[in-house]
1. Evaluate E = 1/(1 + (r/R0)^6) for A:Lys351 and A:Thr54, where r is the Cβ-Cβ distance and R0 equals 25 Å; express this FRET efficiency to the nearest 0.05.
2. Mind checking the mean number of beta-carbon atoms from other chains within 10 Å of the Cβ atoms in A:465-471?
3. Give, in nm to one decimal, the length gained when the segment between A:His495 and A:Tyr344 is fully stretched (0.36 nm per residue of separation minus the Cα-Cα distance).
4. How far apart, in nanometres, would the label points at B:Glu69 and A:Asp26 be if each is projected 7 angstrom from Cα along the Cα-to-Cβ direction?
5. Take the Cβ-Cβ distance between A:Ile480 and A:Met63 as r, set R0 to 30 Å, and report the resulting FRET efficiency rounded to the nearest 0.05.
6. Near the amide H of A:Lys465, under 5 Å away, which other amide H atoms are found, from residues 5 or more places off or on another chain, if H is placed in the peptide plane?
7. What's the FRET efficiency of B:Lys39 with A:Ser514 using the Cβ-Cβ distance as r and R₀ = 51 Å, to the nearest 0.05?
8. Quick check: net charge around A:Gln368, other residues with Cβ under 10 Å of its Cβ, Lys/Arg +1 and Asp/Glu -1?
Amino acid sequence: MEPLKQNNFEEEWQRAFENASISPSDALWDKIERELDRKERRPFLFFLRPSAVTMGLAAALVMALGGLLFFNKNTKKNQYEIAQNAVKPKQNSEQISTQNVPKIDDFNIEIIVQPQDFSNKELPTLAGNSRETLEKNFLENKKSNKAKNQNLNEIPENIPQSILAKTEKNSSRNIVQNIENQTILIDKNISENNNILVQNTESQVIISKNESNLVNNSRNIFAETSLLESKKYTYFGSRYTLNRNKLVFDTEPTETKIIASNDSKFWLGIQSGVSPFDPKMSLGGLNVVALQDANSFAKASNVQSPSSPNSPNIVASDMQGNVAVSQPQNAIKSGVGINMGVAYGYKISKKWSLESGIRYLRGNSTLQSNTYSFQQNGIANTFLANYLVQNSSRSAAYTTNNSTNTVVADASKFGNLYKYLMIPMQLGYEIGLSKKLGLNLLAGISTDFFLQNTIVNDNSILQEKNTIDGSSKIYKPLNISGLGGIRVSYLLNKHWQANIGTSYQKALFSGINSSTALQMRLQMFGINYGVNYRF
Amino acid sequence: MHSEQELVQACIRQERLAQRQLYTQFAGKLLATAMRYMKNKTDAEDVLQDSFIKIYQKLTAFRFDCPLEAWLRKIVVNTALKALQNQPNWTQHTDSQLVSDKIEQEEFTLSGFEFEQLMEIVQSLPDGCRTVFNLYAIEGYQHNEIAELLGVSVGTSKSQFSRARVLLQAKLKNRGIIYTPQTSKES
């Protein structure tokens with residue numbers, strides 16, 4: 001029997017497992033293959049890629065503005081059509097005017113008055129009524145309403161029954177209906193005949209009358225044109241409205257009340273946003289430092305560089321006559337930023353407002369690097385991560401030391417996650433597009449508090465995570481950004497308002513301390529959305 | 001048959017046959033490594049699956065400055081550690097401190113044991129001391145490196161190893177191994 005060695009515990013166990021092998025189950029390779037196939041396909045959240053987000057934002061903006069113009073145009077067009085239709089009596093009213101004995105049951109008349117119609121001399125003769133009678137009655141009315149009558153020098157020969165209502169005996173008006181700014185006058189004697197019923201709907205007045213009384217008394221129903229207040233036209237378009245649709249009627253008083261509800265002075269809101277997140281990191285002379293480190297390591301190791309001979313980055317010159325070192329690459333690409341927070345605002349004047357709040361921002365970017373630092377404890381890291389970590393914990397700038405060995409190898413991608421707390425302060429100018437819709441132009445500054453930077457290496461041979469917090473010496477704990485944006489807001493009801501828009505933010509100063517070679521100016525251009533409670 | 005370098009380059013080019021060859025060549029040994037860290041074969045195969053996915057993705061970072069098998073085993077070990085650390089009761093397993101770090105220096109041999117028996121004994125250890133035992137005794141890490149890898153103190157690493165050693169000695173003794181314990185202080 002072989003003599004037992006003392007203190008051979010570890011050796012025995014190492015030897016026991018040295019060439020151990022266990023056959024995996026047959027299904028394991030299939031699982032790995034499926035996983036490989038899945039990863040080669042398009043990623044599920046492809047729309048979160050910066051290019052897709054940018055295109056999405058552009059599409060959303062175009063749709064929002066396009067929709068705004070479209071609906072704004074349609075509203076005006078509808079009002080314009082109403083005005084046009086108002087000059088055209090309906091077919092049954094024309095029949096009444098051309099028949100001697102109109103049936104009052106047929107009197108489903110849409111009474112919409114347009115002043116210029118009454119000056120039309122070519123209106124058809126009112127059937128069954130002598131011109132003298134009409135003229136007489138009209139003149140009587142004119143006298144009693146002299147103050148208002150200004151355009152009655154010419155008496156219309158024919159006034160359609162559909163739009164005029166008046167008795168020959170009495171000019172006093174007993175019913176005045178105002179429907180959609182249309183004034184309708186109906187004389188007292190009609191009611192004396194106990195036969196008139198005026199129903200007011202949103203757009204029509206239906207007059208029902210005992211036809212025999214109407215016919216036998218030969219009473220003519222017409223409205224005195226001079227008493228009809230002429231319709232005012234108002235410029236109600238916007239710069240986005242085509243010129244021909246700009247003239248529409250006044251808004252009703254009731255609409256004014258709805259607009260007034262938007263005159264609240266304060267608001268509180270919940271807001272969020274998504275945008276491409278670009279740290280805008282300028283690496284300065286970092287790659288030079290990396291190359292110096294790599295050369296030092298290559299010289300010390302005195303071994304052939306592991307770089308592939310096919311690599312396009314090979315530097316032909318051999319720095320020390322021993323090894324060749326590839327050019328270092330440390331490229332940072334944009335990721336996605338998501339922010340959320342609360343906002344509060346104050347309306348300084350009718351158009352101007354001030355808005356502030358607090359936002360939490362989480363954004364990521366990608367580091368593509370071929371430069372790694374291997375430390376004495378066997379842990380490897382990307383050169384940039386190593387540089388950041390070292391500078392975050394020391395007051396002195398980065399210097400090569402014995403614990404770091406830098407090599408330039410094949411490129412890989414690594415994740416970079418940033419967290420910020422932001423306090424924006426923005427001045428807003430509101431452009432009213434309709435009673436509920438408004439466009440806000442915003443500009444201001446944001447105070448940005450750096451919270452954390454995490455560098456994630458999804459690679460088992462590298463240190464998997466480095467976290468640099470706000471107390472580090474590499475990132476400035478506080479920075480200032482410029483803000484600007486456009487926001488469309490829609491008043492859902494008296495208190496609640498939804499809004500969506502785009503915003504641009506860029507750091508005014510570098511977020512990294514000047515003692516290093518790096519500079520970072522955070523930049524985001526994205527979409528923001530949220531709801532406000534106004535009071 | 002590819003050489004090791006050709007095999008790696010073909011895997012980097014995502015050639016499925018080469019990937020399969022790499023798997024066939026190393027899966028057995030790597031599974032044995034994973035099984036030392038995990039409680040059972042199912043968990044070990046999960047670790048091996050994740051490891052191979054990482055291997056195929058990160059082969060570009062392999063610089064041929066060490067044997068390929070060592071590089072692959074390091075990935076498997078790190079993946080296993082990550083899986084263990086994601087377990088809900090991981091902290092409980094690693095936080096326990098032994099009062100004494102005195103260990104018994106014994107003389108013994110494992111030659112009388114089948115590999116399967118030894119694997120069974122190792123797998124029967126609690127998670128914390130099994131992990132430290134594997135890292136220290138088999139992989140050759142130092143206690144300060146283990147402390148950094150696991151996020152525990154050096155003292156915890158040492159005491160977990162002591163505990164593993166005591167438990168293993170007891171289990172081996174129960175199975176008939178002959179050894180002569182001698183008490184000494186670990187430097």
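1. Plugging the Cβ-Cβ distance into 1/(1 + (r/R0)^6) gives 0.20.
2. 0
3. The span from A:His495 to A:Tyr344 would gain 53.0 nm if fully extended.
4. 2.7 nm
5. 0.35
6. A:Asn457
7. Step by step, r from the Cβ atoms, then E = 0.45.
8. Residues near A:Gln368 contribute +2 overall.
Every number in this text was worked out from the coordinates using simple rules, so none of it is lab data. The structure presented is a predicted model; accordingly, all values stated were derived computationally and were not measured. Methodologically, a virtual Cβ is constructed for each residue, glycine included, from the backbone with ideal geometry; neighbour enumeration extends over all protein chains shown.
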